[in-house]
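I have placed the structure first, in the form of C-alpha coordinates, so that the comments after it can refer back to it.
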Amino acid sequence: MAHGSEYRELQRPHGNRRAGGGASIIPRSSGDTIPLIGFCSFDEIESEETCLRAAVEQDGDFAWSRLQLETSPQGLTPANSETNAPRPAAVIVVLGTANTAVVEPLFARLRLDSPKLPILVASRGLNANGISDVLSQGASDFLLPPYRAEDLLPRLRRMLHAPRGDAPLIARIKAGVGVRSIVGESPVFVAEVSKLDRIAQCNAPVLIRGESGTGKEVFARAIHYLGPRAGQPFVPVNCGAIPEQLVESELFGHRRGAFTGAATDRIGLIGEADGGTMFLDEVDSLPVASQVKLLRFLQDGEFRPLGASKPALATVRVIAAANMDFERIIHERKFREDLYYRINVLRLSLPPLRERQGDLPLLAHHLLEKQALLLGCRAKPLAAQALECMRIYQWPGNVRELENVLTRALVFSEGSEIQATDLSLPISPEKSGDESFRTLKARVIKDFEHDYLQKMLDRHEGNITHAAQAAVKNRRAFWELLRKHGFSLERKRFALDKEHPRTGG
(Lines give C-alpha, C1' and ligand atoms only; values in the text may rest on other atoms or scores of the structure.)
Protein backbone atom coordinates (compact mmCIF):
# COMPACT_ATOMS: atom_id res chain seq x y z
CA MET A 1 0.00 0.00 0.00
CA ALA A 2 1.38 3.38 -0.91
CA HIS A 3 1.82 6.06 1.71
CA GLY A 4 0.04 9.40 1.33
CA SER A 5 -3.54 10.46 0.79
CA GLU A 6 -4.54 6.85 0.06
CA TYR A 7 -4.66 6.29 3.80
CA ARG A 8 -7.78 8.45 3.89
CA GLU A 9 -9.53 5.61 2.07
CA LEU A 10 -8.75 2.71 4.38
CA GLN A 11 -11.58 0.25 4.57
CA ARG A 12 -12.49 -1.57 7.76
CA PRO A 13 -10.85 -4.93 8.48
CA HIS A 14 -12.27 -8.05 6.89
CA GLY A 15 -14.81 -9.99 8.84
CA ASN A 16 -18.04 -9.12 10.57
CA ARG A 17 -18.43 -6.70 13.46
CA ARG A 18 -21.10 -6.37 16.05
CA ALA A 19 -22.95 -3.04 16.00
CA GLY A 20 -22.55 -1.13 19.26
CA GLY A 21 -21.10 -2.58 22.44
CA GLY A 22 -17.53 -2.64 23.65
CA ALA A 23 -14.35 -4.61 23.04
CA SER A 24 -14.62 -8.35 22.63
CA ILE A 25 -13.03 -11.04 24.75
CA ILE A 26 -12.35 -14.68 23.90
CA PRO A 27 -13.76 -17.23 26.39
CA ARG A 28 -11.30 -19.53 28.13
CA SER A 29 -12.13 -23.08 28.97
CA SER A 30 -11.91 -22.22 32.67
CA GLY A 31 -14.65 -19.62 32.34
CA ASP A 32 -12.28 -16.64 32.34
CA THR A 33 -11.93 -14.41 29.30
CA ILE A 34 -8.94 -13.32 27.22
CA PRO A 35 -8.82 -9.79 25.75
CA LEU A 36 -8.34 -9.78 21.98
CA ILE A 37 -5.40 -7.68 20.72
CA GLY A 38 -5.67 -6.49 17.12
CA PHE A 39 -2.63 -5.91 14.91
CA CYS A 40 -2.19 -3.97 11.69
CA SER A 41 0.74 -2.85 9.56
CA PHE A 42 0.91 -1.24 6.14
CA ASP A 43 3.90 -3.28 5.04
CA GLU A 44 4.22 -7.02 5.03
CA ILE A 45 7.12 -7.51 7.46
CA GLU A 46 6.59 -10.97 8.90
CA SER A 47 9.44 -10.75 11.44
CA GLU A 48 7.82 -7.79 13.23
CA GLU A 49 4.43 -9.46 13.43
CA THR A 50 5.98 -12.73 14.59
CA CYS A 51 7.94 -10.97 17.32
CA LEU A 52 4.99 -8.91 18.56
CA ARG A 53 2.60 -11.85 18.46
CA ALA A 54 4.99 -14.02 20.46
CA ALA A 55 5.27 -11.26 23.07
CA VAL A 56 1.48 -10.75 23.25
CA GLU A 57 0.72 -14.46 23.61
CA GLN A 58 3.66 -15.29 25.90
CA ASP A 59 1.70 -15.53 29.17
CA GLY A 60 -1.62 -16.60 27.68
CA ASP A 61 -3.31 -13.42 28.97
CA PHE A 62 -4.12 -12.05 25.50
CA ALA A 63 -5.33 -13.41 22.15
CA TRP A 64 -4.04 -12.19 18.76
CA SER A 65 -6.02 -10.99 15.73
CA ARG A 66 -4.56 -9.57 12.51
CA LEU A 67 -6.63 -6.73 11.02
CA GLN A 68 -6.64 -6.58 7.22
CA LEU A 69 -6.74 -3.06 5.76
CA GLU A 70 -7.92 -2.30 2.22
CA THR A 71 -8.22 0.77 0.01
CA SER A 72 -11.65 1.78 -1.20
CA PRO A 73 -13.09 4.84 -2.98
CA GLN A 74 -15.88 4.93 -0.37
CA GLY A 75 -13.51 6.12 2.36
CA LEU A 76 -13.95 4.90 5.92
CA THR A 77 -17.38 3.32 5.64
CA PRO A 78 -18.28 -0.15 6.94
CA ALA A 79 -18.37 -3.11 4.59
CA ASN A 80 -21.74 -4.80 4.25
CA SER A 81 -20.47 -8.06 5.77
CA GLU A 82 -18.94 -6.48 8.90
CA THR A 83 -21.64 -6.89 11.53
CA ASN A 84 -20.78 -9.66 14.03
CA ALA A 85 -17.00 -10.21 14.26
CA PRO A 86 -15.28 -9.77 17.66
CA ARG A 87 -13.73 -6.39 18.30
CA PRO A 88 -10.22 -6.07 19.70
CA ALA A 89 -9.81 -4.70 23.22
CA ALA A 90 -6.69 -2.85 22.00
CA VAL A 91 -4.78 -2.50 18.74
CA ILE A 92 -1.05 -2.57 18.00
CA VAL A 93 -0.13 -0.53 14.91
CA VAL A 94 3.33 -0.70 13.33
CA LEU A 95 4.14 2.79 12.03
CA GLY A 96 7.19 4.17 10.30
CA THR A 97 5.69 7.62 9.67
CA ALA A 98 4.08 10.35 11.78
CA ASN A 99 2.48 11.99 8.73
CA THR A 100 -0.86 13.48 9.84
CA ALA A 101 -2.48 12.44 6.55
CA VAL A 102 -1.64 8.81 7.44
CA VAL A 103 -2.03 8.66 11.21
CA GLU A 104 -5.21 10.60 11.96
CA PRO A 105 -7.48 8.89 9.38
CA LEU A 106 -6.13 5.50 10.51
CA PHE A 107 -6.82 6.20 14.18
CA ALA A 108 -10.25 7.61 13.34
CA ARG A 109 -11.11 4.47 11.36
CA LEU A 110 -9.93 2.15 14.12
CA ARG A 111 -12.00 4.05 16.70
CA LEU A 112 -15.05 4.62 14.52
CA ASP A 113 -17.23 2.16 16.47
CA SER A 114 -15.15 2.06 19.66
CA PRO A 115 -14.17 5.63 20.64
CA LYS A 116 -12.12 4.54 23.68
CA LEU A 117 -10.13 1.85 21.85
CA PRO A 118 -6.48 1.94 23.10
CA ILE A 119 -3.91 2.11 20.30
CA LEU A 120 -0.26 1.19 20.90
CA VAL A 121 2.18 2.30 18.20
CA ALA A 122 5.13 0.00 17.57
CA SER A 123 7.73 2.38 16.18
CA ARG A 124 9.55 1.51 13.00
CA GLY A 125 12.40 4.03 13.03
CA LEU A 126 10.43 7.00 14.41
CA ASN A 127 12.56 9.62 16.15
CA ALA A 128 11.55 11.54 19.31
CA ASN A 129 9.65 14.17 17.31
CA GLY A 130 7.79 11.50 15.37
CA ILE A 131 6.78 9.70 18.56
CA SER A 132 5.60 13.00 20.04
CA ASP A 133 3.48 13.58 16.92
CA VAL A 134 1.77 10.18 17.00
CA LEU A 135 1.06 10.61 20.73
CA SER A 136 -0.51 14.01 20.10
CA GLN A 137 -2.58 12.50 17.28
CA GLY A 138 -4.12 9.87 19.54
CA ALA A 139 -1.77 7.00 20.27
CA SER A 140 -2.29 5.67 23.79
CA ASP A 141 1.33 4.56 24.15
CA PHE A 142 4.34 3.54 22.07
CA LEU A 143 6.89 0.74 21.95
CA LEU A 144 10.44 0.87 20.63
CA PRO A 145 12.27 -2.08 19.05
CA PRO A 146 13.37 -4.66 19.99
CA TYR A 147 9.82 -5.67 20.85
CA ARG A 148 10.00 -7.64 24.10
CA ALA A 149 7.25 -9.12 26.22
CA GLU A 150 8.54 -7.43 29.38
CA ASP A 151 8.05 -4.04 27.67
CA LEU A 152 4.84 -4.79 25.77
CA LEU A 153 2.68 -6.69 28.28
CA PRO A 154 2.73 -4.04 31.06
CA ARG A 155 1.72 -1.42 28.51
CA LEU A 156 -1.23 -3.48 27.31
CA ARG A 157 -2.38 -4.15 30.88
CA ARG A 158 -2.11 -0.46 31.78
CA MET A 159 -4.06 0.63 28.69
CA LEU A 160 -6.84 -1.88 29.31
CA HIS A 161 -7.19 -0.89 32.97
CA ALA A 162 -6.63 2.87 32.69
CA PRO A 163 -8.21 4.96 35.48
CA ARG A 164 -11.25 7.03 34.58
CA GLY A 165 -10.69 10.20 36.55
CA ASP A 166 -12.01 12.76 34.04
CA ALA A 167 -15.56 13.93 33.64
CA PRO A 168 -17.41 11.58 31.23
CA LEU A 169 -17.68 14.08 28.37
CA ILE A 170 -14.05 15.22 28.47
CA ALA A 171 -12.87 11.63 28.96
CA ARG A 172 -14.78 10.53 25.86
CA ILE A 173 -13.38 13.39 23.80
CA LYS A 174 -9.81 12.68 24.94
CA ALA A 175 -10.11 8.92 24.43
CA GLY A 176 -12.25 8.93 21.31
CA VAL A 177 -10.42 11.62 19.41
CA GLY A 178 -7.07 10.99 21.03
CA VAL A 179 -6.64 14.69 21.74
CA ARG A 180 -4.37 14.30 24.74
CA SER A 181 -3.62 18.01 24.78
CA ILE A 182 -7.12 18.79 26.09
CA VAL A 183 -6.00 19.10 29.70
CA GLY A 184 -7.70 21.40 32.19
CA GLU A 185 -10.37 21.69 34.84
CA SER A 186 -10.91 25.44 35.09
CA PRO A 187 -14.56 26.40 34.49
CA VAL A 188 -13.76 28.78 31.62
CA PHE A 189 -11.90 25.98 29.79
CA VAL A 190 -14.36 23.17 30.55
CA ALA A 191 -17.23 25.39 29.34
CA GLU A 192 -15.66 25.47 25.85
CA VAL A 193 -14.76 21.75 25.86
CA SER A 194 -18.35 20.88 26.75
CA LYS A 195 -19.55 22.46 23.48
CA LEU A 196 -17.45 20.18 21.26
CA ASP A 197 -19.82 17.23 21.13
CA ARG A 198 -22.85 19.25 19.98
CA ILE A 199 -20.82 21.37 17.55
CA ALA A 200 -19.36 18.21 15.99
CA GLN A 201 -22.76 16.72 15.17
CA CYS A 202 -23.81 19.45 12.75
CA ASN A 203 -22.33 20.95 9.59
CA ALA A 204 -22.54 24.68 10.34
CA PRO A 205 -19.37 26.77 10.02
CA VAL A 206 -17.37 27.34 13.22
CA LEU A 207 -15.22 30.29 14.28
CA ILE A 208 -12.60 29.58 16.94
CA ARG A 209 -11.14 32.63 18.67
CA GLY A 210 -8.01 32.42 20.77
CA GLU A 211 -4.45 33.61 21.12
CA SER A 212 -1.52 31.82 19.52
CA GLY A 213 -0.74 28.59 21.35
CA THR A 214 -4.15 28.11 22.97
CA GLY A 215 -4.94 25.00 20.90
CA LYS A 216 -7.24 26.21 18.12
CA GLU A 217 -6.18 23.45 15.72
CA VAL A 218 -6.47 20.86 18.51
CA PHE A 219 -10.11 21.85 19.01
CA ALA A 220 -10.75 21.93 15.25
CA ARG A 221 -9.47 18.36 14.92
CA ALA A 222 -11.62 17.30 17.86
CA ILE A 223 -14.73 18.71 16.14
CA HIS A 224 -13.86 16.85 12.94
CA TYR A 225 -13.10 13.47 14.51
CA LEU A 226 -16.06 13.57 16.89
CA GLY A 227 -18.48 14.13 14.02
CA PRO A 228 -19.90 12.17 11.09
CA ARG A 229 -17.03 13.32 8.81
CA ALA A 230 -14.41 11.52 10.93
CA GLY A 231 -13.52 9.08 8.14
CA GLN A 232 -12.99 11.84 5.59
CA PRO A 233 -10.07 14.27 5.11
CA PHE A 234 -9.16 16.96 7.63
CA VAL A 235 -7.23 19.67 5.73
CA PRO A 236 -5.53 22.39 7.82
CA VAL A 237 -4.62 25.63 6.03
CA ASN A 238 -2.54 28.45 7.50
CA CYS A 239 -3.88 31.35 5.47
CA GLY A 240 -1.15 33.67 6.71
CA ALA A 241 1.58 31.42 5.30
CA ILE A 242 0.32 31.46 1.69
CA PRO A 243 1.76 34.20 -0.57
CA GLU A 244 -1.04 36.55 -1.61
CA GLN A 245 -0.62 35.84 -5.33
CA LEU A 246 -1.02 32.08 -4.73
CA VAL A 247 -4.00 32.08 -2.34
CA GLU A 248 -6.70 31.43 -4.93
CA SER A 249 -4.69 28.73 -6.67
CA GLU A 250 -3.99 26.99 -3.33
CA LEU A 251 -7.59 27.13 -2.16
CA PHE A 252 -9.59 26.68 -5.36
CA GLY A 253 -7.08 24.97 -7.66
CA HIS A 254 -6.29 25.82 -11.26
CA ARG A 255 -6.37 24.46 -14.77
CA ARG A 256 -3.34 23.88 -16.92
CA GLY A 257 -2.20 27.13 -18.55
CA ALA A 258 -4.22 29.36 -16.18
CA PHE A 259 -1.05 31.34 -15.45
CA THR A 260 2.68 31.18 -16.12
CA GLY A 261 4.03 28.00 -14.55
CA ALA A 262 0.67 26.19 -14.38
CA ALA A 263 1.91 23.14 -16.30
CA THR A 264 -0.75 20.75 -14.93
CA ASP A 265 -4.20 20.87 -13.39
CA ARG A 266 -4.28 21.27 -9.60
CA ILE A 267 -7.27 20.23 -7.52
CA GLY A 268 -6.79 22.78 -4.71
CA LEU A 269 -7.30 22.43 -0.96
CA ILE A 270 -11.09 22.68 -1.16
CA GLY A 271 -11.12 19.79 -3.61
CA GLU A 272 -8.83 17.78 -1.31
CA ALA A 273 -11.20 18.41 1.61
CA ASP A 274 -14.32 17.37 -0.30
CA GLY A 275 -16.54 15.36 2.05
CA GLY A 276 -14.47 16.35 5.06
CA THR A 277 -13.36 19.44 6.97
CA MET A 278 -11.13 22.39 6.08
CA PHE A 279 -9.53 24.34 8.92
CA LEU A 280 -8.69 27.93 7.94
CA ASP A 281 -6.25 29.25 10.54
CA GLU A 282 -5.54 33.01 10.49
CA VAL A 283 -8.55 33.45 8.23
CA ASP A 284 -8.23 37.23 8.64
CA SER A 285 -5.07 37.05 6.49
CA LEU A 286 -7.02 36.21 3.31
CA PRO A 287 -6.95 38.92 0.63
CA VAL A 288 -10.32 40.63 0.10
CA ALA A 289 -10.63 39.22 -3.45
CA SER A 290 -10.24 35.68 -2.11
CA GLN A 291 -12.75 36.42 0.63
CA VAL A 292 -15.40 37.05 -2.03
CA LYS A 293 -14.80 33.63 -3.59
CA LEU A 294 -14.76 31.93 -0.19
CA LEU A 295 -18.08 33.59 0.68
CA ARG A 296 -19.71 32.24 -2.47
CA PHE A 297 -18.40 28.77 -1.72
CA LEU A 298 -19.82 28.91 1.82
CA GLN A 299 -23.19 30.05 0.46
CA ASP A 300 -23.80 27.45 -2.22
CA GLY A 301 -20.85 25.02 -2.27
CA GLU A 302 -19.62 26.32 -5.66
CA PHE A 303 -16.12 27.48 -6.51
CA ARG A 304 -14.31 28.15 -9.77
CA PRO A 305 -10.71 26.96 -10.20
CA LEU A 306 -8.45 29.47 -11.92
CA GLY A 307 -8.71 29.05 -15.68
CA ALA A 308 -11.82 26.84 -15.47
CA SER A 309 -14.76 27.50 -17.80
CA LYS A 310 -17.42 26.38 -15.30
CA PRO A 311 -17.72 26.12 -11.52
CA ALA A 312 -17.07 23.00 -9.49
CA LEU A 313 -18.94 21.68 -6.44
CA ALA A 314 -17.65 20.39 -3.11
CA THR A 315 -19.15 19.51 0.25
CA VAL A 316 -16.80 20.79 2.93
CA ARG A 317 -17.31 21.85 6.51
CA VAL A 318 -15.31 25.01 7.22
CA ILE A 319 -13.78 25.75 10.62
CA ALA A 320 -12.06 29.14 10.77
CA ALA A 321 -9.76 30.53 13.45
CA ALA A 322 -8.31 33.92 14.25
CA ASN A 323 -7.12 36.14 17.07
CA MET A 324 -8.21 39.48 15.66
CA ASP A 325 -10.67 42.17 16.61
CA PHE A 326 -13.09 41.59 13.73
CA GLU A 327 -14.98 44.81 14.40
CA ARG A 328 -11.77 46.76 13.84
CA ILE A 329 -10.64 44.96 10.66
CA ILE A 330 -14.18 45.11 9.25
CA HIS A 331 -14.23 48.86 9.92
CA GLU A 332 -10.83 49.15 8.22
CA ARG A 333 -12.27 47.20 5.24
CA LYS A 334 -9.68 44.46 5.61
CA PHE A 335 -12.33 41.79 6.19
CA ARG A 336 -15.77 41.47 4.63
CA GLU A 337 -18.63 41.83 7.07
CA ASP A 338 -20.82 39.34 5.20
CA LEU A 339 -18.06 36.72 5.33
CA TYR A 340 -17.63 37.30 9.07
CA TYR A 341 -21.32 36.60 9.67
CA ARG A 342 -21.11 33.53 7.43
CA ILE A 343 -18.21 31.91 9.37
CA ASN A 344 -19.37 33.10 12.79
CA VAL A 345 -22.30 30.71 13.14
CA LEU A 346 -20.96 28.49 15.93
CA ARG A 347 -18.33 29.99 18.21
CA LEU A 348 -15.59 28.78 20.51
CA SER A 349 -13.47 31.19 22.56
CA LEU A 350 -10.35 29.53 23.96
CA PRO A 351 -9.05 31.22 27.11
CA PRO A 352 -5.38 32.19 27.32
CA LEU A 353 -3.28 30.36 29.89
CA ARG A 354 -3.09 33.41 32.17
CA GLU A 355 -6.88 33.17 32.62
CA ARG A 356 -6.79 29.52 33.68
CA GLN A 357 -3.88 29.54 36.10
CA GLY A 358 -5.58 26.90 38.22
CA ASP A 359 -4.75 24.48 35.40
CA LEU A 360 -1.01 25.24 35.51
CA PRO A 361 -0.04 22.41 37.92
CA LEU A 362 -2.18 19.91 35.99
CA LEU A 363 -0.82 21.00 32.62
CA ALA A 364 2.75 21.09 33.91
CA HIS A 365 2.49 17.54 35.27
CA HIS A 366 0.98 16.29 32.00
CA LEU A 367 3.66 17.96 29.86
CA LEU A 368 6.54 16.90 32.12
CA GLU A 369 5.39 13.26 32.03
CA LYS A 370 5.01 13.41 28.25
CA GLN A 371 8.41 15.00 27.62
CA ALA A 372 10.19 12.73 30.11
CA LEU A 373 8.81 9.73 28.23
CA LEU A 374 10.01 11.10 24.91
CA LEU A 375 13.42 12.16 26.22
CA GLY A 376 13.97 8.87 28.04
CA CYS A 377 14.54 10.50 31.43
CA ARG A 378 12.80 10.67 34.80
CA ALA A 379 10.04 13.25 35.23
CA LYS A 380 10.93 15.77 37.91
CA PRO A 381 8.51 17.62 40.21
CA LEU A 382 8.33 21.38 40.25
CA ALA A 383 9.58 23.16 43.36
CA ALA A 384 7.18 25.55 45.10
CA GLN A 385 9.14 28.59 43.92
CA ALA A 386 8.99 27.32 40.32
CA LEU A 387 5.20 26.99 40.51
CA GLU A 388 4.94 30.48 41.98
CA CYS A 389 7.11 31.87 39.19
CA MET A 390 4.90 30.14 36.61
CA ARG A 391 1.78 31.52 38.29
CA ILE A 392 3.03 35.12 38.05
CA TYR A 393 4.29 34.84 34.46
CA GLN A 394 1.75 35.97 31.81
CA TRP A 395 2.49 33.22 29.23
CA PRO A 396 2.10 35.17 25.98
CA GLY A 397 2.79 31.95 24.04
CA ASN A 398 0.23 30.02 26.12
CA VAL A 399 0.37 26.20 26.27
CA ARG A 400 2.89 25.96 23.43
CA GLU A 401 5.28 28.21 25.34
CA LEU A 402 4.69 26.28 28.57
CA GLU A 403 5.64 23.01 26.87
CA ASN A 404 8.84 24.50 25.49
CA VAL A 405 9.82 26.00 28.86
CA LEU A 406 9.24 22.73 30.72
CA THR A 407 11.10 20.66 28.12
CA ARG A 408 14.10 22.97 28.40
CA ALA A 409 13.98 22.85 32.21
CA LEU A 410 13.76 19.04 32.18
CA VAL A 411 16.86 18.79 30.01
CA PHE A 412 19.06 21.29 31.85
CA SER A 413 17.96 21.08 35.51
CA GLU A 414 20.53 19.29 37.67
CA GLY A 415 18.68 18.73 40.95
CA SER A 416 15.90 16.32 41.89
CA GLU A 417 13.36 19.14 41.43
CA ILE A 418 12.89 21.80 38.78
CA GLN A 419 13.68 25.15 40.39
CA ALA A 420 12.50 28.61 39.37
CA THR A 421 15.93 29.37 37.90
CA ASP A 422 15.66 26.28 35.65
CA LEU A 423 12.59 27.76 33.94
CA SER A 424 14.55 30.75 32.57
CA LEU A 425 11.42 32.92 32.62
CA PRO A 426 11.90 36.69 32.26
CA ILE A 427 10.15 37.35 35.56
CA SER A 428 10.48 36.14 39.13
CA PRO A 429 8.08 36.40 42.08
CA GLU A 430 10.24 39.17 43.53
CA LYS A 431 9.84 41.20 40.30
CA SER A 432 6.13 40.72 39.77
CA GLY A 433 5.42 44.44 40.12
CA ASP A 434 2.76 43.88 42.81
CA GLU A 435 4.11 45.50 45.98
CA SER A 436 0.84 45.77 47.88
CA PHE A 437 0.73 45.02 51.62
CA ARG A 438 -1.44 41.94 51.01
CA THR A 439 0.88 40.48 48.36
CA LEU A 440 4.07 41.09 50.34
CA LYS A 441 2.51 39.66 53.50
CA ALA A 442 1.41 36.51 51.66
CA ARG A 443 4.90 36.12 50.18
CA VAL A 444 6.58 36.43 53.60
CA ILE A 445 4.17 33.89 55.14
CA LYS A 446 4.73 31.48 52.25
CA ASP A 447 8.52 31.71 52.60
CA PHE A 448 8.30 31.29 56.38
CA GLU A 449 6.09 28.18 56.11
CA HIS A 450 8.39 26.55 53.57
CA ASP A 451 11.55 27.22 55.62
CA TYR A 452 9.85 26.10 58.83
CA LEU A 453 8.70 22.80 57.32
CA GLN A 454 12.16 22.15 55.93
CA LYS A 455 13.80 22.76 59.32
CA MET A 456 11.29 20.60 61.21
CA LEU A 457 11.75 17.69 58.81
CA ASP A 458 15.53 18.00 59.00
CA ARG A 459 15.45 18.23 62.80
CA HIS A 460 13.35 15.07 63.12
CA GLU A 461 15.14 13.18 60.31
CA GLY A 462 12.08 13.08 58.06
CA ASN A 463 9.75 11.60 60.69
CA ILE A 464 6.49 13.37 59.85
CA THR A 465 4.66 12.29 63.00
CA HIS A 466 7.41 13.67 65.25
CA ALA A 467 7.69 16.85 63.16
CA ALA A 468 3.92 17.43 63.32
CA GLN A 469 3.92 16.87 67.09
CA ALA A 470 6.78 19.35 67.57
CA ALA A 471 4.89 21.88 65.43
CA VAL A 472 1.73 21.25 67.51
CA LYS A 473 -0.21 20.48 64.36
CA ASN A 474 -2.51 17.67 63.32
CA ARG A 475 -0.62 15.11 61.24
CA ARG A 476 -3.07 15.42 58.30
CA ALA A 477 -2.77 19.22 58.37
CA PHE A 478 1.02 18.87 58.39
CA TRP A 479 0.79 16.61 55.31
CA GLU A 480 -1.35 19.20 53.55
CA LEU A 481 1.26 21.87 54.26
CA LEU A 482 3.93 19.61 52.76
CA ARG A 483 1.87 19.19 49.60
CA LYS A 484 1.10 22.91 49.44
CA HIS A 485 4.79 23.79 49.46
CA GLY A 486 5.79 21.19 46.87
CA PHE A 487 7.95 18.89 48.98
CA SER A 488 9.12 16.13 46.69
CA LEU A 489 7.78 12.59 46.58
CA GLU A 490 11.22 11.28 47.49
CA ARG A 491 11.08 13.19 50.79
CA LYS A 492 7.64 11.76 51.54
CA ARG A 493 8.90 8.23 50.93
CA PHE A 494 11.93 8.95 53.10
CA ALA A 495 9.63 10.17 55.86
CA LEU A 496 7.45 7.08 55.65
CA ASP A 497 10.50 4.82 55.82
CA LYS A 498 11.63 6.66 58.96
CA GLU A 499 8.25 6.15 60.60
CA HIS A 500 7.79 2.54 59.45
CA PRO A 501 11.25 0.99 59.11
CA ARG A 502 11.39 -2.25 57.20
CA THR A 503 12.18 -5.39 59.15
CA GLY A 504 13.73 -8.61 58.09
CA GLY A 505 16.88 -9.49 56.23
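The values are calculated or read from the model by the stated rules, or taken from the named source; none is laboratory data. Just so it is clear, the model here is predicted, and its values are computed rather than measured. All Cβ positions, glycine included, derive from the backbone under ideal geometry; neighbour counts span all protein chains shown. Heads up: the accessible areas ignore ligands, DNA and RNA and are worked out on the full protein's heavy atoms, side chains in. Shrake-Rupley method; radii C 1.70, N 1.55, O 1.52, S 1.80 Å.
On full extension of the chain, what length is gained from K455 through R347, given 0.36 nm per residue of separation minus the C-alpha to C-alpha distance?
Between K455 and R347, full extension yields 33.6 nm more.
In segment 246-325, what percent of the accessible surface is made up of carbon and sulfur (1.4 Å probe, ligands and nucleic acids excluded)?
49 percent
Within segment 247-288, report the chymotrypsin sites (Phe, Trp or Tyr not before Pro) that DSSP leaves as loop and that have at most 13 other Cβ atoms within 10 Å.
F259
Give the residue list of GluC sites (Glu not before Pro) in segment 386-419 that are DSSP loop and have at most 16 other beta-carbon atoms within 10 angstrom.
E414
Could you tell me what a quarter of the Cα convex hull surface of segment 188-265 works out to, in nm² with one decimal place?
Numbers: hull surface 28.0 nm².
Its Cα hull, projected and averaged over all orientations, spans 7.0 nm².
For segment 288-383, what's the relative contact order in percent, using C-alpha pairs closer than 8 Å and at least 6 residues apart?
Reported as a whole number, the value is 19 percent.
Provide the descending list of Cα extents for segment 184-322 along its principal axes, expressed in whole angstroms.
Cα extents, longest axis first: 54, 28, 22 Å.
Over segment 350-402, what is the mean sequence separation of C-alpha contacts under 8 Å (at least six apart), divided by residue count, expressed as relative contact order in percent?
Details: 25 pairs, mean separation 25.6, N = 53.
Once normalised by length, the contact order is 48 percent.
For segment 222-291, rounded, prolate or oblate, judged on the Cα gyration tensor with a ≥ b ≥ c (square roots of eigenvalues), a/c < 1.5 rounded, else prolate if a/b > b/c?
It comes out oblate by the Cα gyration axes.
What percent does the relative contact order of segment 187-335 come to when contacts are Cα pairs within less than 8 Å and at least six residues apart?
In percent, rounded to a whole number, it is 28.
For segment 224-314, which trypsin sites (Lys or Arg not before Pro) are both in a DSSP coil and crowded by at most 10 other Cβ atoms within 10 Å?
On the way: sites: R229, R255, R256, R266, K293, R296; in loops: R229, R255, R256.
Of the trypsin sites (Lys or Arg not before Pro), the ones in loops of segment 224-314 whose Cβ has at most 10 other Cβ atoms within 10 Å are R256.
Would you mind classifying segment 341-387 by shape? Square roots of the alpha carbon gyration tensor eigenvalues, ordered a ≥ b ≥ c; an a/c under 1.5 is rounded, otherwise it is prolate if a/b is larger than b/c and oblate if not.
It comes out oblate by the Cα gyration axes.
Work through the residues other than Y340 whose Cβ is under 10 Å from its Cβ and net out their charges, Lys, Arg +1 and Asp, Glu -1.
-2
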